[in-house]
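The structure appears below as structure tokens.
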Amino acid sequence: MQLQLQGLSHAYGETTVLQDINLQVSAGKILCIVGPSGCGKSTLLRLMGGLEKPSTGIVTLQGTPPQGCLNPLTYIFQDFALLPWRNVADNISLVLEDHHLSRAEHEQIINDVLSRTRMSDFRHALPRQLSGGMKQRVAIARALAVKPAVLLMDEPLSALDSQTRELLLEDLLQLWTAEPFTGVYVTHNLSEAVRLGHEIVVLSRHPGRIFETVSMSTPLSERDFNNAEMEQTRQHLWQMMRDEAAQADRELV
Ligand SMILES: Nc1ncnc2c1ncn2[C@@H]1O[C@H](COP(=O)(O)OP(=O)(O)OP(=O)(O)O)[C@@H](O)[C@H]1O
């Protein structure tokens, strides 16, 4: 399915946070959103997911949901959002409970997503027994369990150390390559954006507007450290963002 945003603006009280956002998230592609702190990236993702209603403009989801889709729009958050008293399998189970699945269907989905995220050996572990990277794998497994039409990811790796982040990035690339999904990925990290994005939207700030949308042609499976397009795009993105990032850095919270 694809997500279309037309003439989207959003204000909190008197403050306009996003203005005149028009964009399309194409089916089976990942769109990354980058921009300086406070430019409205998370707000834009919440508007896409229907967690907030835009002040003006519309968000539409077009096309046919994937077979077995239980929830068209699903989030992965930075803080994992796992229930500490439920084990890994039961945390995933949570999103299946209202869907009247048979016991066998339920088990099949849990086994499938645990295997795809390499968490099968930890199905009975509690979140406190898991590393940050493993917790985020559970959150990814839980998101995949509902076969979403669009996966909305809000800085999902930013709470992790750099090695774990790299491993999880590889996992996301592998998951997409095995079964392409439509995704929106918000990040501060330009290296992550050029690894994962088919398109990268750069937002400016006060209010957040689309500064530029950059398309990348290298297939995700070929995005390795020596890729020239990745490095050129990362530098181009940084040139666009550096003045606004510097200004954001000088402002009082
Ligand atoms: N519920 C809210 N009520 C009022 N203001 C808000 C609310 N949520 C966000 N804002 C403000 O809207 C602006 C955009 O916030 P948002 O979190 O979307 O930006 P961001 O680009 O995701 O920031 P960061 O990169 O720091 O995570 C900020 O100035 C923020 O303080």
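The values are calculated or read from the model by the stated rules, or taken from the named source; none is laboratory data. If you're wondering where the values come from, they're calculated on a predicted model, not measured in any experiment. As a convention, Cβ positions derive from the backbone with ideal geometry for all residues, glycine included, and neighbour counts pool all protein chains shown. Please note that ligands, DNA and RNA were not included when accessible areas were found on the heavy atoms of the full protein model with its side chains. Shrake-Rupley method; radii C 1.70, N 1.55, O 1.52, S 1.80 Å.
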**Fill in**
When the range 207-226 is checked residue by residue, the ones that are touching a residue at least 60 places away in the same chain (Cβ under 8 Å) and part of a loop (DSSP other than H, G, I, E, B) are PRO207, ARG209
**Prompt:** Restricting the search to the range 188-206, which residues are in a loop (DSSP other than H, G, I, E, B) and within 16 Å of the ligand (Cβ to nearest atom)?
**Reply:** HIS188, ASN189, SER204, ARG205, HIS206
**Prompt:** HIS206 fails exactly one of the following numbered conditions: (1) open to solvent by 20 Å² or more (accessible area, probe 1.4 Å); (2) at negative phi. What is the number of that condition?
**Reply:** (2)
**Message:** Looking at ASP161, ASP154, can you tell me which residue is under 21 Å from THR187 (Cβ atoms) and in contact (Cβ under 8 Å) with a residue 40 or more places away in the chain?
**Reply:** ASP154
**Prompt:** Exactly one of (1) within 17 Å of the chain's Cα centre (by Cα); (2) within 16 Å of the ligand (Cβ to nearest atom); (3) modelled with pLDDT under 90 is unmet by ASP171. Its number?
**Reply:** (2)
**Message:** Need the failing condition index for LEU157 against (1) in contact with a strand residue (DSSP E or B) (Cβ under 8 Å, 6 or more places away or on another chain); (2) within 16 Å of the ligand (Cβ to nearest atom), just the number.
**Reply:** (1)
**Asked** Among (1) open to solvent by 50 Å² or more (accessible area, probe 1.4 Å); (2) more than 24 Å from MET216 (Cβ to Cβ), where does GLN24 come up short?
**Response** (2)
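Can you name every one of the helices (runs of 4 or more DSSP H) wholly within the range 9-128 that holds 2 or more residues which are under 19 Å from the mean Cα position of the chain (by Cα) and away from the ligand (no atom under 13 Å from the Cβ)?
103-116
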